[in-house]
Structures are given as C-alpha cells and as structure tokens.
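For reference, the structure discussed in these notes is given below.
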Amino acid sequence: MARSPNCTGAPLYKGRVDVTISYPDPDETLLETPVALPTSEPGTAQISYTLASGHMPVWSPFELEHIKTAVLYAAGKNTSGSAITVYYRVLKNGVSVATGSGSVAAGYYYTWSHYRFLDVVVGDVLSCKLWASSADMKWDYKAVLVWPTRIGPKGRLLVNATADEYSAVYTLTLGTPLRQDREVFYTPFDLDPGGQKIYWRKSLPFPVIQTTEVRGLGCVEFGDIQLSTQLLTSATYHPYWYGNKCFKRISYTPLNLRV
C-alpha cells in the first residue's frame, strides 16, 4: 500500500472507503376510523411492530460498523371540548421501557414520538399502549422508522472524510404531517472546546478527523443523543414530528493507526 507522499515513515493508508446507504419507505398506517382510547391501561398494545429486514437501511457495497435505532410514532386527536390527559407505555420485546403522560387541548391532534429503542435488530418487537382520562381521546396513526447510528470505525484517524449526501431521509406522508428538520447528525466530537454541538456539513470534508470510541464518526440525535419521549400537539397537523438527518453516502481514507 502507498505511504503518504508528504513524509517518510508516515502511517500506511488503507484503501479508500466509499459506501452508500438507502432507506426503505416508512412503515406507517392511518386508520379510516379513529379508535377511542380506553380509560385504563390496556392489556394489549394498540401499536406494535416486529422489525423485519424491510425496515432496515441498506448499505452498498458493504456495511460500516454501526448499530441501529428505531423511533415509534403514535398519533390521534382529542375530539372533546376540553383538555384530556393521554398516557403511554412503550415496550421492547414485551418489557416496559418507559411510561408517561401529557395533556392535549380540546380539538387538538397529538403525536407521541418515542426515541427509546437504541440498538435494535431484526425480530425485535416494539410496542406502545395508549389510554386516556376520557374515551373522547382517539388514536388513528402509527409508524416506525429505523436509522443507522454510531457509524464507522472507532478510535481511528480518517483522512478526507466526507458525508456529501445527507438529508432527512424519511418522509411520513399519511394524515396531515409536519416534519421539523434540524442539523442533527454529529461529527465524532460530542462537544467542541467551547461547549457547542458540532455538525457534519454537506460537501465539506474533514482533512483529518479522529473518531471516538463510542460514536465513531457520527450518530443521530433522536434515538441516540436523545433517548426520550416527545409529545407534540397541533390544531392542524398529525403526525407532527422531528426528523433525523442521516448519511446517504460516506467516504474516507483510514490511516493504519489506532489512537
């Protein structure tokens, strides 16, 4: 393999890495007839997905080291003339992950976004139980999305690293959706020296970067940095949700040196 032309005795370069990631269509459902929520916790989850290969992003020509994170969405509407409290419990493979509640104003739609499922694999069952303080609270929408995160070699020096195609790779289309996008894909560094978040920028390569031992060269925010549940309400929109931006193409040259 060729050595760096700039100095004798420099670390050996390995071959150039250049991979693409494609994403499936979202798995989402909008019921024709909304269903009233029970007023106590149900025994069976209304929303449940068994993750299959068709939910997973596809790499070409090979996969980089990574794990996957899933986000589960549940949405509906308060059809009454007063505020109602809606409750949830989310489960992974039948084990409770989290529970909570929130208030939904009269006549408003609600969307629960559960960023609770870091490190998922094919066969995992992700579920959400919903109930409310009044049967006037309905549910009618569900979806699940899977992102790759903690991508790339850990604790390595990379040369001319680029993520020159990244975007909000999923778009939920059913209902009256509204997606809020933010710059949410991090560089290898969680924080810069000034304490600010650092983001990948389209088509701007890093001449040399050092990846971290935990997150590699980058990770998504919702489902990794944030492992929580978010309630968004709207008089107009459902689902109303935040979308991760994520890599669609990654290229770099790894140095044959571990740090």
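Summed over region 106-139, the residues that are within 24 Å of Ala168 (Cβ to Cβ), in a strand (DSSP E or B) and touching a Lys or Arg at 6+ places or on another chain (Cβ under 9 Å) give a count of 7.
Inspect all residues belonging to region 51-70 and state whether any of them is buried (at least 21 other Cβ atoms within 10 Å of the Cβ), assigned to a strand (DSSP E or B) and of a type in the set (Phe, Trp, Tyr). Within region 51-70, not a single residue is buried (at least 21 other Cβ atoms within 10 Å of the Cβ), assigned to a strand (DSSP E or B) and of a type in the set (Phe, Trp, Tyr). Taken together, Val144, Val159 contain a single residue that is closer than 29 Å to Pro254 by Cβ and not acidic (Asp, Glu), which is Val159. In region 21-35, what residues are more than 30 Å from Glu65 (Cβ to Cβ) and without any contact (Cβ under 8 Å) to a residue 24 or more places away in the chain? Glu32, the sole residue that qualifies. Checking each residue of region 11-21 against the condition of being in contact with a Phe, Trp or Tyr (Cβ under 6 Å, 6 or more places away or on another chain) and at pLDDT 95 or above gives no match.
For Ile47, indicate whether it is crowded, with 17+ Cβ neighbours inside 10 Å, over 20 Å from Val169 (Cα atoms) and over 27 Å from the mean Cα position of the chain (by Cα). Taking the combined requirement at face value, the residue does not satisfy it.
Go through region 151-174 and report how many residues are modelled with pLDDT of 85 or more, out of contact with any Ser or Thr (no Cβ under 9 Å at 6 or more places or on another chain) and buried (at least 16 other Cβ atoms within 10 Å of the Cβ). Selection size over region 151-174: 3.
Going through (1) within 24 Å of Val121 (Cβ to Cβ); (2) modelled with pLDDT of 95 or more one by one, Glu65 falls short only on (2). Please find, within region 72-105, the residue that is surrounded by the fewest Cβ atoms within 10 Å (Cβ to Cβ) out of those that are outside any strand (DSSP E or B) and not small (Gly, Ala, Ser). In this case the residue turns out to be Asn93.
Residue under question is Ala235, and the condition is that it be farther than 21 Å from Pro24 by Cα, among the hydrophobic types (A, V, I, L, M, F, W, C) and at pLDDT 85 or above; does it hold? Yes. Determine, yes or no, whether Tyr252 is closer than 17 Å to Asn160 by Cβ and not β-branched (Val, Ile, Thr). Yes; evaluated as a whole, the condition is true for this residue. Selection of region 248-258 for residues being modelled with pLDDT under 85 and crowded, with 19+ Cβ neighbours inside 10 Å yields only Leu255.
Scanning region 72-99 for residues being under 16 Å from Cys128 (Cα atoms) and basic (Lys, Arg) gives a total of 2. Restricting Ala106, Ala135 to those that are hydrophobic (A, V, I, L, M, F, W, C), without any contact (Cβ under 8 Å) to a residue 60 or more places away in the chain, within 26 Å of Pro42 (Cβ to Cβ) and out of contact with any Leu (no Cβ under 6 Å at 6 or more places or on another chain) reduces the list to Ala106.
The values are calculated or read from the model by the stated rules, or taken from the named source; none is laboratory data. None of the values given here were measured: they were computed from a predicted structure. Quick reminder, even Gly has a Cβ in these numbers, built from the backbone with ideal geometry, and neighbours come from all protein chains shown.
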